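To keep things clear, I will list the structure first and then write my remarks on it.
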């Protein structure tokens, strides 16, 4: 069956995620070393551990898990919860953001609320300032978008993922963007892939999914009847899921379409 549409994941497929996230944390938390002598990455590591623990106490934790929201995502985006406990979630989010760095400072024996507020403001300002598109991604998207519809299928809160996309100026390549926070469920759910197929106007056999996460991107796509191209830049072993293709560079996706 000819390929008539390509579905793409975003994080660590088209753009780097962990490195830019750490850069935002490093920029925000630099003052803890300058003012209190705490090694900045030790502080960041502890803040993230404590943040993950606080995240588990969210009144809408089931919804956050369902959309695959990350603990750091909650520091820098606005939300339309569209879920039970929405009012409680708004109140909890305010406390979560206020205490994220406060709790870490206290673990290091520092009581400095003004610094904690400064760090959360700085993190918010820098969260989308360090995103990097993989070197070949823009060229590949441009080539493919001229030939067939592309649909982005990404997990995370809607506003957060769309801000990433805008920050790297990739939105124009896509016929549509499917975000788990807007659908109410995340990959590997068939609902995400069905929404993408509908947006592209093709059947499952006419599309391929390109992504770096084997169970979510490739396994989820295959369960919906969509073939999957696994982006494996690090030469990892495939465990549990057998991709239809494995690529180490997005330019190899062009070769798949030309076969």
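Brief remarks follow.
- Some residue of the stretch 137-154 being touching a helix residue (DSSP H, G or I) at 6+ places or on another chain (Cβ under 7 Å) and part of a loop (DSSP other than H, G, I, E, B): yes
- Cβ separations smaller than 6 Å between residues 6+ apart or across chains give the following pairs from the stretch 47-58 residues that are under 12 Å from residue 70 (Cα atoms) to residues that are not in a helix (DSSP H, G or I): 51/71; 52/71; 55/71.
- Qualifying residue in the stretch 103-123 (condition: closer than 19 Å to residue 15 by Cβ and in contact (Cβ under 8 Å) with a residue 60 or more places away in the chain): yes
- Selection count where residues are in a helix (DSSP H, G or I) and under 14 Å from residue 96 (Cβ atoms), scope the stretch 30-73: 11
- Matching residues in the stretch 17-38 - criterion: being under 24 Å from residue 141 (Cβ atoms), surrounded by fewer than 17 Cβ atoms within 10 Å (Cβ to Cβ) and in contact (Cβ under 8 Å) with a residue 24 or more places away in the chain: 19
- Checklist (1) in contact (Cβ under 8 Å) with a residue 12 or more places away in the chain; (2) more than 21 Å from residue 2 (Cα to Cα); (3) surrounded by fewer than 20 Cβ atoms within 10 Å (Cβ to Cβ) applied to residue 205, failing item: (2)
- Every test in (1) surrounded by fewer than 19 Cβ atoms within 10 Å (Cβ to Cβ); (2) free of Cβ contacts under 8 Å to residues at least 12 places away in the same chain is passed by residue 64 save one, and that test is (1).
- Once the stretch 86-115 is narrowed to residues that are surrounded by 16 or more Cβ atoms within 10 Å (Cβ to Cβ) and under 19 Å from residue 156 (Cα atoms), the residue that is modelled with the lowest pLDDT is 89.
- Complete set of residues in the stretch 241-259 that are closer than 10 Å to residue 218 by Cβ and either touching a helix residue (DSSP H, G or I) at 6+ places or on another chain (Cβ under 8 Å) or surrounded by fewer than 14 Cβ atoms within 10 Å (Cβ to Cβ) (or both): 241, 242, 243, 244, 245
- Within the stretch 166-202, tally of residues that are farther than 22 Å from residue 228 by Cα and surrounded by 20 or more Cβ atoms within 10 Å (Cβ to Cβ): 1
- Subset tally (residues that are crowded, with 21+ Cβ neighbours inside 10 Å and either in contact with a strand residue (DSSP E or B) (Cβ under 8 Å, 6 or more places away or on another chain) or over 25 Å from residue 193 (Cβ atoms) (or both)) for the stretch 116-143: 6
The values are calculated or read from the model by the stated rules, or taken from the named source; none is laboratory data. On a predicted model such as this, the values are computed, not experimentally measured, just so you know. Using ideal geometry, Cβ is built from the backbone for each residue, glycine included, and neighbour counts are taken over all protein chains shown.
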